[in-house]
Protein chains: 2
Amino acid sequence: MDGRKQVTGDRLLLAAIDLISAKGYNGVTTEEIATTAGLTEKTLFRHFGTKLNLLESAFERFHYAEEMKILFKEKLEWELEADLLTICRAYHEIMNRDRKLVLISLREQVLLPEFKKRMHQHPLQLLDVLTNYFVEMGERGRMIRANPRMHAFTFMMAHFGAFINDLDSGRNYPDITLEPFILESVKLFARALTP
Amino acid sequence: MDGRKQVTGDRLLLAAIDLISAKGYNGVTTEEIATTAGLTEKTLFRHFGTKLNLLESAFERFHYAEEMKILFKEKLEWELEADLLTICRAYHEIMNRDRKLVLISLREQVLLPEFKKRMHQHPLQLLDVLTNYFVEMGERGRMIRANPRMHAFTFMMAHFGAFINDLDSGRNYPDITLEPFILESVKLFARALTP
DNA sequence: GAATAATGTCAGTAACTACTGACAGACATA
DNA sequence: TATGTCTGTCAGTAGTTACTGACATTATTC
């Protein structure tokens, strides 16, 4: 049990993620992936059998995080603006961590329908957590009480949109960067939702 | 000058848009496109020469709209909530009109970098229009005056996110539909930005 | 009815690509 | 040293696919 096998596998998986996120699944050849990983096409097939299984393994191994709920059940302080900031920082952190996989799952939905669902678990969980948080804040009289789920959804969509917009890093809006956007959007939502 | 040639070309372009948006550029063959259009592969190549040129022609012919600025210089009534509603309805209308092309330009950025830029003109224009509108509303004392561009950007990102989320129509958030979201988000922003 | 333009038919090419088999060399462990 | 595990080499297969040429067919126009 030396780690050679695992190291080799990981190098292939990382090369696959890099190249497929850059050029698309059908835009990359198995040979290209293997040589990028410093290995042979033969080795690639010995490890993963098929090209599709390579991509599936990449999702299996390199996507973490079902830990959203716990994450900030502990960190919230029932102060709207501060909590919104915590929450959306966590969101961007998680999305950015699996940035390339998100890109792939967006583009290759046809190939991997089940993985799109899996990637979608995070946002779904976040929406639940955020909705519950809004409900409780409302009960405590610290937030307006109309439509908490839709408010949470709007907040998430704003940050989802900004994330997607930033994904290709094509600097679509040259005068706007992520961090000021986070701060200002949190302020805006805090103002909108404070009684 | 009978219209046969143009009709044939259009059928090929529409079939190409349908199939490429569904399966990706490399996931569709020229033969598939031709037969879907009820024509022959040979005819496809007689019209467009290459597969890539077919896709490029699809963008040339089927993407309209540089008319954003004029569109609602006329329709605005300097009533924040009503105007936000007008604006974001226009946004969704435009994005939905070229829905499939948006999808393609998101996915095939590598193949068509210049088309991504072109599709991006709409949002950019909208951001400008919206920013100017916010500035003037501020001067009229009908809106808070801090950071109009970032506020406009946040509003757009919320709707961009919702649009993207809706693009694959996979019903990602089963209890949320577009129209209620539009109404509630407009309310929310109006509340946040009213002095 | 003849000329013209557009499309179909069919066979084929050249390039690519996922994937395989046989064999040999490297490297660790024992 | 011997053995097993992992990887490289190389040649090759079978399937796919963008794209072409020669010729026949259909529809339109005059």
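The values are calculated or read from the model by the stated rules, or taken from the named source; none is laboratory data. The model shown is predicted, which means the values in this text are computed figures rather than measured ones. Note that we place each Cβ from the backbone using ideal geometry, even for glycine, and neighbour counts take in every protein chain shown.
Quick look at the numbers
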read-out	value
Residues within segment B:9-49 that are within 11 Å of DNA strand D (Cβ to nearest atom), touching a helix residue (DSSP H, G or I) at 6+ places or on another chain (Cβ under 8 Å) and among the hydroxyl-bearing types (Ser, Thr, Tyr), tallied	4
Residue match in segment B:128-139 (condition: farther than 25 Å from B:Arg191 by Cα and among the aliphatic types (A, V, I, L, M))	no
Per-region count, segment A:11-36, residues more than 12 Å from DNA strand C (Cβ to nearest atom) and surrounded by 15 or more Cβ atoms within 10 Å (Cβ to Cβ)	9
Residue pairs meeting the criteria (Cβ under 7 Å; at least 6 apart or on separate chains; first more than 14 Å from every other protein chain (Cβ to nearest Cβ), in segment B:21-46; second among the basic types (Lys, Arg) and more than 8 Å from DNA strand D (Cβ to nearest atom))	B:Ala37/B:Arg11; B:Gly38/B:Arg11; B:Leu39/B:Arg11
Set B:Arg145, B:Arg171: member being free of Cβ contacts under 8 Å to residues at least 24 places away in the same chain and under 15 Å from B:Leu130 (Cα atoms)	B:Arg145
Subset tally (residues that are assigned to a helix (DSSP H, G or I) and more than 12 Å from DNA strand C (Cβ to nearest atom)) for segment B:37-51	1
Enumeration of residues in segment A:144-163 that are at the interface with another protein chain (Cβ under 7 Å from one of its Cβ atoms), buried (at least 22 other Cβ atoms within 10 Å of the Cβ) and aliphatic (A, V, I, L, M)	A:Met157, A:Ala158, A:Ala162
Residue in segment A:164-183 that is farthest from the other protein chains (Cβ to nearest Cβ), counting only those that are modelled with pLDDT of 95 or more and buried (at least 17 other Cβ atoms within 10 Å of the Cβ)	A:Ile182
Unmet requirement for A:Leu39, which otherwise passes all of (1) of a type outside the set (D, E, K, R); (2) surrounded by 16 or more Cβ atoms within 10 Å (Cβ to Cβ); (3) within 28 Å of the chain's Cα centre (by Cα); (4) modelled with pLDDT of 95 or more	(3)
Filter result (out of contact with any helix residue (DSSP H, G or I) (no Cβ under 7 Å at 6 or more places or on another chain) and surrounded by 14 or more Cβ atoms within 10 Å (Cβ to Cβ)) within segment A:50-62	A:Glu56
Condition check for A:Leu106: within 12 Å of another protein chain (Cβ to nearest Cβ), buried (at least 20 other Cβ atoms within 10 Å of the Cβ) and modelled with pLDDT under 90	no
The lone exception for A:Gly141 - which of (1) surrounded by fewer than 20 Cβ atoms within 10 Å (Cβ to Cβ); (2) modelled with pLDDT under 90 it fails	(2)
